[in-house]
Amino acid sequence: MTNLKRIALIAMAVVAAATSPALAGTKYAANLVSNSAVDPPGNPTLSPKSSIKLSDKGSIAIALAGVTDGAGALVTTSTVYADSVKLDPTAPNLDGSEYIVIITLFIPAVAGPAPVIEVPIPVDLKGGKGKTKLSVAGLLSLIGPGIGRGIEIRGSEVWGPLGTAGGEPAACLSVVGGGIPAGIPLGVVCRGGTQFGMSGLSVPLP
């Protein structure tokens, strides 16, 4: 191999090494599991196959499975939320039947004015299953140059249905439909019904 070819191959390898991390990006993924203090968990509950995924581009994907109501029946909600965002993503609507996944974020660069930021994600269900995709790129764009780039995902909570035992659907809609769909923090807003799930592990019996 000539010196020229060696130099060319080394240069290509350096470029590939330098660009790979940027291309790969960073991602977060976790299962959504029951937060019950007993096993087997009582109703309402969900399957540990439920999941949450986030990317550094601001995309969020939620998948719920095996969601039951207090009587143990698989949940079917209306499709008001899904239909509204399909018609106009900037004008979502809620009728209170939705289930909500609340993601808690901690951004060290803005820890002073904003200790935690919470993002509520509505999910419509059919036979206990449902998926939602959402972008919070607008929120991430607020992290300007010269400040820390790290975000801690402190956890996620699964609540529902939105319109029972609190949740404040109108107030929740104002957050979900806002230009930056987040609260600092949300408090009781969007926490309707019962919390029956969280992000984490479901440990099998030995």
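The values are calculated or read from the model by the stated rules, or taken from the named source; none is laboratory data. Bear in mind the structure is a predicted one, so any value in this text is a computation, not a measurement. Cβ coordinates were reconstructed from backbone atoms using ideal geometry, including for glycine residues, and neighbour counts include every protein chain displayed.
Assorted remarks:
- Residue match in segment 65-73 (condition: under 16 Å from L173 (Cα atoms) and either in contact with a Gly (Cβ under 7 Å, 6 or more places away or on another chain) or of a type in the set (F, W, Y) (or both)): no
- In segment 33-46, the residues that are more than 18 Å from S199 (Cβ to Cβ) form Cβ pairs under 8 Å with partners that are of a type in the set (G, A, S) and assigned to a loop (DSSP other than H, G, I, E, B), at six or more places apart or across chains, as follows: G42/S36; N43/G70; N43/A71; N43/G72.
- Segment 91-112, subset touching a residue at least 24 places away in the same chain (Cβ under 8 Å), part of a loop (DSSP other than H, G, I, E, B) and not hydroxyl-bearing (S, T, Y), residue surrounded by the fewest Cβ atoms within 10 Å (Cβ to Cβ): A91
- Matching residues, segment 116-128, being without any contact (Cβ under 8 Å) to a residue 60 or more places away in the chain and not in a strand (DSSP E or B): D124, G127
- Of all the listed residues (D95, D124), the sole one being over 19 Å from the mean Cα position of the chain (by Cα) and within 19 Å of D83 (Cα to Cα) is D95.
- The set of residues from segment 164-199 being closer than 20 Å to G128 by Cα and in contact with a Leu (Cβ under 8 Å, 6 or more places away or on another chain) comprises C190, G192, G193, F196, G197, M198, S199.
- Among the residues listed as T45, T68, T76, the single one being modelled with pLDDT of 95 or more and in contact with a Lys or Arg (Cβ under 8 Å, 6 or more places away or on another chain): T76
- A count restricted to segment 51-90 and to residues that are touching a strand residue (DSSP E or B) at 6+ places or on another chain (Cβ under 6 Å), part of a loop (DSSP other than H, G, I, E, B) and of a type in the set (V, I, T) stands at 1.
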